[in-house]
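Below you'll find the structure, written out as structure tokens, and then a few comments.
Each value in this text was obtained by applying a stated rule to the coordinates, not by laboratory testing. Bear in mind the structure is a predicted one, so any value in this text is a computation, not a measurement. Virtual Cβ from ideal backbone geometry, glycine too; neighbours counted across all protein chains shown.
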Amino acid sequence: MQQHTLEKPRILLLLPTRTYRATDFLEAALKLDVEVVVASEEAATTADLSPRHTLVLDFSAPSVATEAIFEFNHTYPLTAIIGVDDDTTLLAATASEVLGLPHNPVASAKATRDKYLLRQTLAQNGVSVPAYQRFSIYDDPTETQIGFPCIIKPLSLSASRGVIRANTPAEFIDAFQRTTKLLHTLRNADTINSSQEHLSQYLLVEDYIPGIEVALEGILLDGVLKTLTIFDKPDPLEGPFFEETLYITPSRLSTDIQVALHHATAEAADALGLRHGPVHAELRYNDTGAHLIEIAARTIGGLCARTLRFGTGISLEELVIRHAIGEPVETFQREQQAAGVMMIPVPKAGILGEVRGKTAAHRVDRIVEVNITIPIGGEVVPLPEGARYLGFIFARAETPEAVETALREAHRQLEFVILP
């Protein structure tokens, strides 16, 4: 079979059918004049975006998908493989290792996909972690020995899905049963990636860490963490559920606190063996310092990356692609203008019947985009069972305070009619 020579960088984008990220990554690749191969579970998913090549892969079977990528690489040599979300980071590492491309160690990628393994690996490498235990979804919560307050969370779900705080034994039993019911439902509906199916049999219980919560977006350059930005989360996240709403940057925290957050993330990444590409970390800060909650070997989820611009208008996706193909990104800094996003929470379960006030929300000063991502007639489910927000509101302004004010005002203009 004839091999197509590499006239310009060719990247393989692993884009699950349900990802929000396809358009932004493809636009970034087009801007960089990089040849793109789009891999998804279904060929039709990105056909309307007209990539030069497509590849159908079963993301739930990493070994089979890696073999398909290996065969594809014989004909169309790849420069880099980029997994855009949780379901594809492990495959990206596995396939890159086989092809000899820059990548994170497979074991490191696995640890970021299993919250219990994450805690184990950090503790074994000297990183302070909260007390934690793993339980089976078939265990009896009345027979457990734990401390309070505590957090119950699934091992592999993201975006706070299934995460519940319990302050008393009675609350713990209710939370345990609610989270295990969610996992049973997902297992019975066959909606869990089969490569992660074993993780759906367990949940993690760990001590609650008080304090302010932030998100750190960074990129690892040969094992050295470059912090791209720190997002403040102005709304308190104290439970019982952890519905994230506002992300605002630059952070209003002191320089000392931001340095501590950077060091905590870098320490965790090093302990896990992560060395290459984007990282997204969730942390808390209190009187005892910075504490890592979670870290993922990917960029921020949803459409939230649209808040970030670097240099002369470079998107986060473009920065990630530049790094993946070997271009230097050390000097890129986030723009000075403040920016933020509101992930629109789901007020109640039902069917989305109508969205009112969208034009008024758009007209709020400093609002740049209002994007409703659930279609009319679509089912909406609030946390902790839900997996999707109603949409995203974006704002840009001279100060973080102005961004926060604009986002809250735009949200007040919106009314969601949710039918039973």
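Equivalent-ellipsoid semi-axes for the chain (Cα gyration tensor, √(5λ), whole Å, largest first): 31, 27, 23. For segment 79-137, the average shadow cast by the Cα convex hull is 5.3 nm², which is a quarter of the hull's surface. Give, as ranges by residue number, the residues of segment 393-414 whose backbone N falls under 18 Å from the point 7 Å along Cα→Cβ of ASP365. Only 394-413 fall inside the zone, counting backbone N under 18 Å. Projecting the Cα atoms of TYR202, PHE176, LEU155 onto the dipole axis of segment 131-207, where Lys and Arg carry +1 and Asp and Glu carry -1 at the beta carbon, places LEU155 farthest toward the positive end. Whole-Hz Karplus values for segment 225-230 come out as 7, 9, 6, 8, 6, 10 Hz, taken residue by residue from phi with 6.51 cos²θ - 1.76 cosθ + 1.60 and θ = phi - 60°; glycine and proline positions read x. Scalar couplings 3J(HN,Hα) for segment 231-240, obtained by applying the Karplus form with A = 6.51, B = -1.76, C = 1.60 to θ = phi - 60°, are 9, 6, 10, x, 6, x, 10, 10, x, x Hz; x denotes Gly and Pro. Taking a straight line from the alpha carbon of LYS181, these lysines sit under 21 Å away, with near neighbours fewer than eight places off in the same chain left out: LYS115, LYS153, LYS348.
The residue list LEU55, ALA387, SER315 was ranked by how far each Cα lies along the charge dipole of the chain toward its positive end, using unit charges on Cβ atoms, and SER315 comes out on top. Only helices enter the 222 nm calculation for the chain: every DSSP H run of n ≥ 4 contributes -39,500 (n - 2.57), and dividing by all residues gives -9000 deg cm²/dmol, rounded to 500. Only Lys, Arg, Asp and Glu carry charge here, each on its Cβ (+1 for the first two, -1 for the last two); on that basis segment 348-389 has a dipole of about 160 debye about its Cα centre.
Between segment 120-195 and segment 332-348, the alpha-carbon centres lie 29 Å apart.
Modelled this way, with points 7 Å down the Cα-to-C-beta line, the labels at GLU7 and ARG187 are 5.3 nm from one another. By other beta-carbon atoms within 10 Å, ranking LEU157, LEU99 with the fewest at the front produces LEU99, LEU157.
By the scheme Lys and Arg +1, Asp and Glu -1, what is the net charge of all other residues having a beta-carbon under 13 Å from that of ASP207? Summing Lys/Arg as +1 and Asp/Glu as -1 gives +3. Between LEU228 and GLU217, GLY218, ILE219, the built amide H atoms are under 5 Å apart, and every one of these is 5 or more places off in sequence or on another chain.
For segment 337-420, the square roots a ≥ b ≥ c of the C-alpha gyration tensor eigenvalues yield an a/c of 1.5 or more together with a/b exceeding b/c, which makes the shape prolate.
The label-point distance for SER60 and GLN124, in a model that sets each label 7 Å from Cα toward Cβ, rounds to 2.9 nm.
Each DSSP beta bridge with both residues in segment 10-110 is either parallel or antiparallel, and the antiparallel ones are about 0%. Modelled spin labels at GLU401 and PHE148, positioned 7 Å past Cα toward Cβ, are 4.0 nm from each other.
Among ILE257, ILE151, ILE219, the largest mean-square fluctuation in a Gaussian network model of the chain (Cα springs under 10 Å) belongs to ILE257.
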